Amino acid sequence: MAITQLPAAFCWSKMGTESGEDLSSIIRRKEWERQLGDGIFLWGIGQSLGANAALASPTGDPLAVVFSPMPSKPKSIDLTPDEVVLWDSWVDAHGQVLPLPSHSFVTSRAHLPSGRRKESHYALVCSSGSALTESVPLRVSPSTLKNFGTGRALGSSQVTAVVAHDNQNLDESSGYAVSFVAQLQAPFFVRLAHPIVLGTRDIAKASDIGRSGSVRDWESFVTRLRHSVKKRAAPVSSEDMFKRPTPFKDTSPVQKLLFA
């Protein structure tokens, strides 16, 4: 998605090392997921967006999502998590648990910093007609942003948020660089379910392919891995998400592509 300036409202997500995987590898496999999903990919996030995305786009039209690398060093819990899980399913607006696409690969660490097992995770529903490797000459200054729903300043610990941008303040020379921009498609984000603990061999294989493999290597690996973990996951319906009503207007191709 090519933009020359930040819009008045958008979703901003800061990204870095996650589940022991470096950022360059994550972006590479998300680009492969985009290719395999005809432009659609999921981006895992730790917290819900609440109603803010729907408030920012009341008609259900796509909302820009801006991705920036974190300048700080990753935390040890992200560099070397004790366990990594693959999220196998998602929960629709009616509470029904449905499978994610076979080419989808959303992971997280298994435990919170407190040591308690992680019980929830979410994913942004993104689309892009351009490769995620294309550079974007923009920067994001937190001082020009407010949380969309409350109008309050962003907290330092907020990693992903729907924001209102003061585009009267055009000084974006400082702040966070922008790696790429995509669009959020309704339903904008989903809650994930059925975390499956990955073995060290699977984690190492995913890392190896992410560094030096190809999109076909990745497709073969993820399809085989998802088939394997489904045997360990609780059974879910294979009904297509986008044949079911959601609280948002959604007439985009994502209905037919993402959760088939």
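We did not get these values from a lab; they are worked out from the coordinates using the rules stated. Bear in mind that the values here come from a model prediction, so they are computed numbers and not experimental data. Note that we place each Cβ from the backbone using ideal geometry, even for glycine, and neighbour counts take in every protein chain shown.
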| field | Projected label distance in nm at residue 47 and residue 61, using a 7 Å step from Cα toward the beta-carbon | value | 2.9 nm
| Could you give the length gained on full extension between residue 158 and residue 191, defined as 0.36 nm per residue of separation minus the Cα-Cα distance, in nm? | 10.1 nm
| field | At R0 = 41 Å, FRET efficiency that the Cβ-Cβ distance of residue 82 and residue 130 yields, to 0.05 | value | 0.65
| query | Nearest 0.05, what FRET efficiency do residue 73 and residue 94 give at R0 = 51 Å with Cβ-Cβ as r? | reply | 0.75
| remark: Extension length gain for residue 227 and residue 8 (0.36 nm per residue less Cα distance), in nm, is 74.6 nm
| task | Determine the sum of side-chain charges near residue 79: Lys and Arg each +1, Asp and Glu each -1, restricted to other residues whose C-beta is under 15 angstrom from that of residue 79. | result | -3
| For residue 166 and residue 119 in the same chain, what is the full-extension length gain: residue separation times 0.36 nm, less their Cα-Cα distance, in nm? | 13.4 nm
| request: Evaluate the distance, in nm, between pseudo-label points positioned 7 Å from the Cα of residue 143 and of residue 208 along their respective Cα→Cβ axes. | output: 4.9 nm
| query | Once you sort the root eigenvalues of the Cα gyration tensor of region 25-172 as a ≥ b ≥ c, which label holds: rounded (a/c under 1.5), prolate (a/b larger than b/c) or oblate (the other case)? | reply | rounded
